[in-house]
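Before any comments, here is the structure.
The values are calculated or read from the model by the stated rules, or taken from the named source; none is laboratory data. As the structure is a computational prediction, the values presented were derived from the model and not from experiment. Here the Cβ positions follow ideal geometry from the backbone for every residue, glycine too, while neighbour counts run over all protein chains shown. With ligands, DNA and RNA removed, areas are computed over all heavy atoms of the protein, side chains included. Shrake-Rupley method; radii C 1.70, N 1.55, O 1.52, S 1.80 Å.
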Amino acid sequence: MRTARDRIAALYAQALAWLCLLLLALVASPPQAQEMAADTPHALFLTVPQRAWLAEHPVLKVAVDTNRAPVEWRGEDGVMRGISPNMLQRIETMLGVRFELVPSASIADQIDKLKRGEVDIVSAISQTPERSKYLSVTAPFITTPIVIYNRVGAPPTGGLAGLAGKRVGVSARTNVEESLRKDWTAIHTVPVQNFREATDWLRSGDLDAFVGPLMTGTHQLVEQGASDIRVAGETDYAYQIGYGIRNELAPLLPLMDMALAAIPRAERDAIRQKWSTIQFSHDIDYRPLGALALAVLVAIVFIVQLRVMVKRRTAQLQDEVSVRRAREEEIRELNAALEQRVEQRTAQLRQANEELQLAADQLVQTEKVASLGRLVAGIAHELNTPLGSTLTAATTLRDLVRDFGDGLSNGALKRSQAEELVRQCQQACGIIERNSHRAAGLIENFKEIAVDQASERRRRFRLRTTVEEVIITHRNAWKSTPHTITVEIPDTVELDSFPGPLAQVLSNLLENSLVHAFANHPAGRVTIHASVTEQRVCLSYSDNGAGIPTEFRNKVYDPFFTTRMGQGGSGLGLYIVQTLVSGVLGGTIALHSEPGNGTQFHITLPLVAPEPNDATAQATHGVVGLPVNETEPQRRIA
């Protein structure tokens, strides 16, 4: 598509170039109406002072350029020729003075001679603000367009706008340089002394273009036989040249204007046509009409060809649009099917996620129940010893009382027997009392932990007491092993928090140490240390077990991650620990472990736990519930 547009644009450019050339030819040949003028000579009516001034200045020196055809130049015989000398000869006869021609090499030489007072007049010059300081210019006797010259084969200039940023030569004799600097600031102007110098710089590449008069340029191109330089474009400027008169000779200016105005138009045109290569004819010239007809024919051919190309390209574009629409329709159908699949898959994933969440909640609750079951089993085992001792003492006491009753009935009771009964009764009662207190304490601890974990009540408690109660519930699993547990917690550390979730955290850590850390360890050691910093307690749980491999450290808190899958591990232990610590307890937990060097859990808890909310309850999968309105009784710290 872009290639076709480029071809069409190129054809447009070629047609416009032909039309511009034809219009330029029309401009170069003004209409006959513009060429007609009054041929009647005008008589000079001079005043007495003017005649007196002319009488005082019978000879006036004129600086002329020796190399400025067709305006003025010096022939091989040394005689000055051109339009300006002929005009001066005509003015001599009108004013009755003699003009002495002073040859000069360039415009700069002419102006220097004028400034030094060596000449009175500078021939064929235009007025500029700078020159008005020392000379005044008469009405123009030659007006010629300012055009753009360039090398043949060079790209089109596009007018003065296309010369921005380029080096453009300008005639030092004209006022074009000042106009370009004012109107076209982006053009880099380079003054040149004459047209020959400009053409040499064009050929050498020192100039990108030259802006100068059409008359002198075309004449010198013909004289030089130069076929490599051409007129490349027009400008809005015109070169008007007259005679520059030294300001000290002010009375001469109106006299020269009167003489120039008195020369008939036909005579001025004859003088100009005599020396110029651009001829003017008062006859009807049918060449512009032929050129116009040719231009119209070219335009018609171009338009017809363009219409054919446009129709052909339009058909191609319509085919491409049809194919593109069909493909877009296919894409829309595919997108609709894809969106439907995505919605179905999203619904499936949402349902699977809900099922997974439900399963996680059920597993967490199962783990909670299992933890309570292990707690009950441990407490039951611990109660077996004191209750067994109490039962033994009671049966022994029963037998002693029975024997004592039999002896008393038979009348064979001795004092020594009574004293032995008293001693054994006291011993049995002591055994029963001690074991009853021990069983009552175990039951009280079990009751406290069970209530804490079942109701997630909030209360004030001593941290060391809660830790020791948790350890007691695990004594049955640990007492048959060589492992030890050391508690380094001051008795004064109190928390206003949730002892149930904290006990759950410690229980899971103890189970992990026993099952994972000390699986192949001969003598494991667990240390639970706590210290208070400002309003937070730093609880450190450490063991000297096997440690955690590096690749597992970032996964231990993930739900269902376990290294003992199928061997009793649920993968929820540390997940529940992290959830409870960062959730309801309002703290943080950090893990430090090296394989073979044990594991440390650093738990930081606030002394006053935050109130649980919906987000906390949801994050703990129901392990912790929201607080109820009724106020629970506070446990008294012994």
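Summary of computed values
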quantity	calculated
Close pairs (8 angstrom Cβ cut-off, 6 or more residues apart or separate chains): assigned by the TED database to the domain that holds ASN520 and surrounded by 11 or more Cβ atoms within 10 Å (Cβ to Cβ) in region 474-490, at pLDDT 80 or above and aromatic (Phe, Trp, Tyr) anywhere	THR481/PHE518; HIS483/PHE518; ILE485/TRP478
VAL170 vs. criteria farther than 20 Å from ASP228 by Cβ and buried (at least 23 other Cβ atoms within 10 Å of the Cβ)	yes
Residue that is modelled with pLDDT of 90 or more and in contact with a strand residue (DSSP E or B) (Cβ under 9 Å, 6 or more places away or on another chain), where the choices are GLU100, GLU56	GLU100
Within region 78-184, strands (runs of 3 or more DSSP E) holding 2 or more residues that are in contact with a Pro (Cβ under 9 Å, 6 or more places away or on another chain) and of a type outside the set (Asp, Glu)	98-104, 142-151, 167-171
Hey, THR199 more than 15 Å from LEU163 (Cβ to Cβ), out of contact with any Ser or Thr (no Cβ under 8 Å at 6 or more places or on another chain), modelled with pLDDT of 85 or more and buried (at least 17 other Cβ atoms within 10 Å of the Cβ) or not	yes
Members of region 517-552 found to be buried (at least 21 other Cβ atoms within 10 Å of the Cβ) and assigned to a helix (DSSP H, G or I), listed by number	ALA517
Residue that is most open to solvent (accessible area, probe 1.4 Å), among those in region 238-278 that are closer than 18 Å to PRO85 by Cα and hydroxyl-bearing (Ser, Thr, Tyr)	THR277
Every residue from region 197-216 that is among the aromatic types (Phe, Trp, Tyr) and within 15 Å of ILE187 (Cβ to Cβ)	PHE210
Any hit, region 206-222, residues being open to solvent by 20 Å² or more (accessible area, probe 1.4 Å) and part of a strand (DSSP E or B)	no
